[in-house]
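Peer 1: Take this structure first; my questions come after.
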Amino acid sequence: MGDEVVYVKKHGRDWAFPDYEPNYPRSPDFRVKHVKVDLRVHIYQKMIDGLATLTIESVKDGLKVIELDAVDMNIKFVRANGKELSYYYDGKIIQIELEKELAKGSTVSIEIAYSTKPKKGLYFILPEDYDGVVPQVWSQGETEDNRYWIPMYDYPNIKCTSELVVHAPKEFIVISNGKLVDVKDEGDCKSWHWVMDKPHAPYLIALAIGLFDVVEDEVDGIPLKYYVPKGRKDDIMRSFSKTPDIIRFFSEYTGIPYPWDKYDQVCVSEFIFGGMENTTLTILTDLTLHDEKAHMDFESEPLVAHEAAHQWVGDLVTTKDWGNIWLNESFATYFQALYTRHWKGEADFIYDLIGFLDRYLREYGTRYARPIVTRVYKYATEVFDSHAYPKGALVLHMLKNIIGEELFRAVVKRYLEKFKFDVADTEDFRKVVEEVTGKDFEWFFDQYVYNAGHPVLKINHKWNPEEKTLSISIKQSQPDDSWDVYKLPIEILVITDSGKEVKKTIWITQKQETFYISLDEKPKRVCIDPEFKVFAVLDIDQGQEQWIDQLLNCKHTYCRILAARALSKFKSSKVIEALKKAVIEDKFWGVSVEAANSLGKIGLSEAKQALLDAEKHVRHPRVRRAIAAALGNYREEEVARTLIRILENNEESYYVRATAAESLGKTKQSFALDVLKKALDMSSHNYVITNGAIRGLAELGLDECFALIKSRVTKGNPTLVRATAIMALAKFPEKKETFDLINEASKDENYRIRVAAVRAAFELMSPKLLPMLDRLAKEDLDERIIRFSREAAQKIRKNLEKGVEYQKLREEIEKIREENRKLIERITKIEAKA
């Protein structure tokens, strides 16, 4: 990374397999200046014929051989200046021998004629394979998959202009990057000529072909278009109406006007990601389209904002290599949250950040720890994880709070100006931070970017009435996979009995420290990092009364959420009453959700009754969803009857009903079976109620449930339903058919179905699935599935080494939890009588 020495001390845990090696950016002897592809697309044959013309500039004297990426192609000829060139092709790399050596700075145009049936990179979605879809062809180039349909240099550290001339059946619309300069009628076909005249990374070259409904829009003179599968026009504006506001917000926030000529968004079926930020042409999953009822608690704006942000961070300035992918993804994730603040306000912004922390900690706790920037990986897609997205976003948030928002925006603007239409690495960004702020930030990047882990702060506070001082003890208790002693600032807000506020910023620099704050009167409430400015896990030691006061009276969203979560550890009537009050009355829905979650975790009859009472008062669908989920912790008829009422109420949101279906199964009531059977056929957005019913049936666990789930695994069912059913099979480890069905799903051509098979294996942790996982790790085309399969196989083998059957252990833990819950309840009743 630049010429700097990066200090790596904490490599993390469980990230690298033994065969992993460092990856360094490719350094070819040439630059691709322009790529033109003339492409004839045979949609129903799932094949293409192409002529790629690459304008190549030598960066050294005496360039004789050029190597390009081209996978599984039938190469017809290679030529330059009308003359055939000698080449060697091994199915992955085409090595071209130039007619004569090129001097440094000289250019040559090379033509490659080819045909192929792409296995990746370009996807053909047809009704014969997926029931109900409108025919489509779409590309997905990131990370290095455009080489499956274009012979090219396929790595992000070279930028070029591009041009596509696409011949397709005349009824289809063809969309690509840049400007549409020509459309020609060719009888049964049309040719569409798209030109991208500003340089961008090879993986961002994109193509979408389909039968689309289109709505046109604009923002500040920039044309916008929204394309959706034919028949979905009525859903367009629910998903995309805020696009102009999003574009304008990012233009203003970065200080860089939208840098391209147009912005198209196209929704496609069976997309393998949520969205992809191809320059001027974002491709999105059609799962983001939704009807009026789904709009109650389903939003497209976070996805739309994330991909739009990439037009600046990722497209205008692009990561030099995949190890620095946070420069694309962390920025887009954080910008997405900043748009939420602009759109909805501070509370929703803070809750987004808390969600980011939860996502990162889930990956950290259940999978691995790694530095945000790492060279050690095998497949580029591996680094597109919760370290690169939410963790990196939180690091940027912390940086912004340390230097101030005005300087942060100046940093972003300078970074985009300095590297526009070019590539950058983390050291480039760090140097811009130091250039703008005039301060050294190596310590910050070493701690949070180049090393694994995060700070964990154990905090307690004590009032000394004689000295009138508040002592705050902070101990860094992060595990060994994290930086030993972090340097970080943290704000302390003290509210006294009279309502006076005292705010202090403390810089933590030692493993264990005690700070003192002088006060005129006794503190009523102590809030740590009230505005969530610091990327750290807070473990605050304070009593039940203090947490209750913080939950019910603190004005800061983060503090109330910390209180709601902390109170799940207390089993008193007073806590239950406070949580119930927060569920019903808190001014922010996110706090109500967290309070409902805690009532579910408490597990006592009193907490159950609080949830049942709250359900009658609360109308916000996301809070109702949390209540329905929390009720799944109680195996009682009264709870089941409430969940049935919610599930069968057409006025409820789809997602509330789906959650009620799953929780209904968890109640283990026998009469739930017939209700869940009916729910399988309830229509809903993205089949969420059907999937909730499948999960509920899996929790119920009866033989008839297994048969119903099994019937949803087969082709002919929607992909999302099939995937849910496959994962639900993991609840039936005693059935041989479970393993057969999962193994069969692992061979499916659909990515989501194969992923579902691996997730089921993660759940089962059975050695019976090791052959399947080993096969996927060795043979699968998708690098994400290879990674998941290796992780699952490794965990199963570790469990075998310990001599522990994971499934039996989990069942034993569940029994102990249930017995513990009953014991606590009996003790509570005895105390109440006393």
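Peer 1: Go through Ala661, Ala728 for me and flag whichever is over 17 Å from Ala294 (Cβ atoms), in a helix (DSSP H, G or I) and within 31 Å of the chain's Cα centre (by Cα).
Peer 2: After applying the criteria, what remains is Ala728.
Peer 1: Moving on to the next point. Would you pick out the residues in region 34-60 that are open to solvent by 50 Å² or more (accessible area, probe 1.4 Å) and under 18 Å from Arg79 (Cβ atoms)?
Peer 2: Of everything in region 34-60, those that are open to solvent by 50 Å² or more (accessible area, probe 1.4 Å) and under 18 Å from Arg79 (Cβ atoms) turn out to be Lys36, Asp38, Leu51.
Peer 1: For region 632-658, which positions are part of a helix (DSSP H, G or I) and without any contact (Cβ under 8 Å) to a residue 24 or more places away in the chain? Outline the logic, then answer.
Peer 2: Initially, region 632-658 is screened for residues part of a helix (DSSP H, G or I), giving 637-647, 654-658.
Passing the criteria: Arg641, Arg645.
Peer 1: Now, a different point. Quick test for you: out of Leu579, Leu611, Leu604, Leu599, pick the one residue that is surrounded by 17 or more Cβ atoms within 10 Å (Cβ to Cβ), hydrophobic (A, V, I, L, M, F, W, C), touching a helix residue (DSSP H, G or I) at 6+ places or on another chain (Cβ under 8 Å) and in contact (Cβ under 8 Å) with a residue 40 or more places away in the chain.
Peer 2: None of the other options fit; the residue is Leu604.
Peer 1: Follow-up question, since we're still on this one. Give the residue that is nearest to the chain's Cα centre (by Cα), with candidates limited to residues of region 626-641 that are farther than 14 Å from Leu599 by Cβ and open to solvent by 20 Å² or more (accessible area, probe 1.4 Å).
Peer 2: Initial filter on region 626-641 (farther than 14 Å from Leu599 by Cβ): 635-638, 640-641.
With the extra rule that they be open to solvent by 20 Å² or more (accessible area, probe 1.4 Å), the set shrinks to 635-638, 641.
On the way: Arg635: 33, Glu636: 36, Glu637: 37, Glu638: 37, Arg641: 35 Å.
Residue satisfying both the conditions and the ranking: Arg635.
Peer 1: Report whether or not Lys190 is more than 28 Å from His310 (Cα to Cα) and assigned to a strand (DSSP E or B).
Peer 2: Yes.
Peer 1: For residues that are open to solvent by 50 Å² or more (accessible area, probe 1.4 Å), of a type in the set (Ser, Thr, Tyr) and farther than 16 Å from Ala70 by Cα, tally how many sit in region 89-119.
Peer 2: 2
Peer 1: Could I ask something else about it? How many residues does region 744-773 hold that are open to solvent by 50 Å² or more (accessible area, probe 1.4 Å) and either touching a Phe, Trp or Tyr at 6+ places or on another chain (Cβ under 8 Å) or closer than 24 Å to Leu702 by Cα (or both)?
Peer 2: 5
Peer 1: Now for a different question. Scanning region 1-22 for residues that are surrounded by 15 or more Cβ atoms within 10 Å (Cβ to Cβ) and in contact with a Ser or Thr (Cβ under 9 Å, 6 or more places away or on another chain), which turns out modelled with the lowest pLDDT?
Peer 2: Step by step, filter region 1-22, then rank; the result is Met1.
Peer 1: Given the conditions (1) in contact with a helix residue (DSSP H, G or I) (Cβ under 8 Å, 6 or more places away or on another chain); (2) open to solvent by 10 Å² or more (accessible area, probe 1.4 Å); (3) over 26 Å from Gly665 (Cβ atoms); (4) not charged (D, E, K, R), which single one is not true for Pro621?
Peer 2: Here Pro621 clears every test but (3).
Peer 1: Where the second residue is open to solvent by 20 Å² or more (accessible area, probe 1.4 Å) and in a strand (DSSP E or B) and the first is touching a residue at least 40 places away in the same chain (Cβ under 8 Å) and at positive phi and lies in region 460-474, which pairs have Cβ atoms under 7 Å and are six or more apart or on separate chains?
Peer 2: Going by the 7 Å Cβ cut-off, the qualifying pairs are Lys468/Ser518.
Peer 1: Are any residues in region 406-440 open to solvent by 60 Å² or more (accessible area, probe 1.4 Å) and part of a helix (DSSP H, G or I), and if so, which ones? Write out each step before concluding.
Peer 2: The first filter runs over region 406-440 and keeps only residues open to solvent by 60 Å² or more (accessible area, probe 1.4 Å), leaving 406-407, 409, 413-414, 417-418, 420-422, 431, 435, 438-440.
Once the filter is applied, which keeps residues that are open to solvent by 60 Å² or more (accessible area, probe 1.4 Å) and part of a helix (DSSP H, G or I), region 406-440 yields Glu406, Leu407, Arg409, Lys413, Arg414, Glu417, Lys418, Lys431, Glu435.
Peer 1: Scan region 270-323 residue by residue and report those that are hydrophobic (A, V, I, L, M, F, W, C) and within 18 Å of Leu224 (Cβ to Cβ).
Peer 2: Matches in region 270-323: Met276, Leu281, Ile283, Leu284, Leu289, Leu303, Val304, Ala305, Ala308, Ala309, Trp312, Leu316.
Peer 1: Have a look at Ile205, Ile209 and point out the one that is modelled with pLDDT of 95 or more, under 19 Å from Val313 (Cα atoms), touching a helix residue (DSSP H, G or I) at 6+ places or on another chain (Cβ under 8 Å) and of a type in the set (A, V, I, L, M).
Peer 2: Exactly one of Ile205, Ile209 is modelled with pLDDT of 95 or more, under 19 Å from Val313 (Cα atoms), touching a helix residue (DSSP H, G or I) at 6+ places or on another chain (Cβ under 8 Å) and of a type in the set (A, V, I, L, M), namely Ile205.
Peer 1: Being of a type in the set (Lys, Arg), under 23 Å from Leu579 (Cβ atoms) and surrounded by 13 or more Cβ atoms within 10 Å (Cβ to Cβ): is that true of Lys487 here?
Peer 2: no
Peer 1: Restrict the check to region 675-698 and report whether at least one residue is of a type in the set (D, E, K, R) and within 30 Å of Phe384 (Cβ to Cβ).
Peer 2: Yes, region 675-698 has at least one match.
Peer 1: Same structure, new question: From the list Ser518, Ser482, which one is farther than 26 Å from Phe349 by Cβ, among the polar types (S, T, N, Q) and within 34 Å of the chain's Cα centre (by Cα)?
Peer 2: Ser482
Peer 1: Count, please, the residues in region 181-200 that happen to be closer than 23 Å to Phe421 by Cα and over 32 Å from the mean Cα position of the chain (by Cα).
Peer 2: Total meeting the criteria: 2.
Peer 1: Also, I was wondering about something else. Looking at this structure, is Gly590 open to solvent by less than 10 Å² (accessible area, probe 1.4 Å) and at positive phi?
Peer 2: No, not satisfied.
Peer 1: Among the residues of region 162-184, are any among the β-branched types (Val, Ile, Thr) and either within 27 Å of Arg26 (Cα to Cα) or touching a helix residue (DSSP H, G or I) at 6+ places or on another chain (Cβ under 9 Å) (or both)?
Peer 2: The answer is no; no qualifying residue exists.
Peer 1: Residues that are in contact with a Pro (Cβ under 7 Å, 6 or more places away or on another chain), surrounded by 21 or more Cβ atoms within 10 Å (Cβ to Cβ) and touching a residue at least 12 places away in the same chain (Cβ under 8 Å): list the strands (runs of 3 or more DSSP E) wholly contained in region 251-328 that include at least 3 such residues. Show your work before the answer.
Peer 2: Details: elements: 263-268, 281-285, 317-319.
Once the strands (runs of 3 or more DSSP E) in region 251-328 are filtered for at least 3 residues that are in contact with a Pro (Cβ under 7 Å, 6 or more places away or on another chain), surrounded by 21 or more Cβ atoms within 10 Å (Cβ to Cβ) and touching a residue at least 12 places away in the same chain (Cβ under 8 Å), nothing remains.
Peer 1: Here's something else I'd like to know. For region 494-510, indicate whether the set of residues that are open to solvent by 10 Å² or more (accessible area, probe 1.4 Å), of a type in the set (Ser, Thr, Tyr) and more than 30 Å from Val6 (Cβ to Cβ) is non-empty. Give the steps one after another, and end with the answer.
Peer 2: In the first step, residues of region 494-510 are kept if they are open to solvent by 10 Å² or more (accessible area, probe 1.4 Å); the result is 495, 497-507, 509-510.
With the extra rule that they be of a type in the set (Ser, Thr, Tyr), the set shrinks to 498, 505, 509.
This time we only want the ones that are more than 30 Å from Val6 (Cβ to Cβ), so: 498.
Checked region 494-510: at least one residue is open to solvent by 10 Å² or more (accessible area, probe 1.4 Å), of a type in the set (Ser, Thr, Tyr) and more than 30 Å from Val6 (Cβ to Cβ).
Peer 1: Another question, then. Select from region 783-799 the residues that are open to solvent by less than 30 Å² (accessible area, probe 1.4 Å) and either among the aliphatic types (A, V, I, L, M) or touching a residue at least 40 places away in the same chain (Cβ under 8 Å) (or both) and list them in ascending order.
Peer 2: Hits for region 783-799 are Ile785, Ile786, Arg787, Glu791, Ala792, Ala793, Ile796.
Peer 1: Test Asp234 against the stated conditions and say whether it is acidic (Asp, Glu), part of a strand (DSSP E or B) and more than 27 Å from Leu316 (Cβ to Cβ).
Peer 2: Considered against the rule, which asks whether it is acidic (Asp, Glu), part of a strand (DSSP E or B) and more than 27 Å from Leu316 (Cβ to Cβ), Asp234 comes out as no.
Peer 1: Still on this model: Count, please, the residues in region 538-576 that happen to be open to solvent by less than 40 Å² (accessible area, probe 1.4 Å) and under 24 Å from Lys503 (Cα atoms).
Peer 2: Qualifying residue count, region 538-576: 20.
Peer 1: Look through region 681-725, keep the residues that are surrounded by fewer than 16 Cβ atoms within 10 Å (Cβ to Cβ) and small (Gly, Ala, Ser), and return whichever of them is nearest to the chain's Cα centre (by Cα).
Peer 2: Ser683
Peer 1: Continuing with the same structure: Collect the residues in region 61-88 that are crowded, with 18+ Cβ neighbours inside 10 Å and either closer than 17 Å to Asn146 by Cα or free of Cβ contacts under 8 Å to residues at least 24 places away in the same chain (or both), keeping them in residue-number order.
Peer 2: If the condition is that a residue be crowded, with 18+ Cβ neighbours inside 10 Å and either closer than 17 Å to Asn146 by Cα or free of Cβ contacts under 8 Å to residues at least 24 places away in the same chain (or both), then Leu68, Asp69, Ala70, Val71, Met73, Tyr87 are the ones that fit.
The values are calculated or read from the model by the stated rules, or taken from the named source; none is laboratory data. Keep in mind that what you see is a predicted model, and the values were worked out from it rather than measured. We place every Cβ from the backbone using ideal geometry, glycine too, and count neighbours over all the protein chains shown. For accessibility, only protein heavy atoms count, side chains too; no ligands or nucleic acids. Shrake-Rupley method; radii C 1.70, N 1.55, O 1.52, S 1.80 Å.
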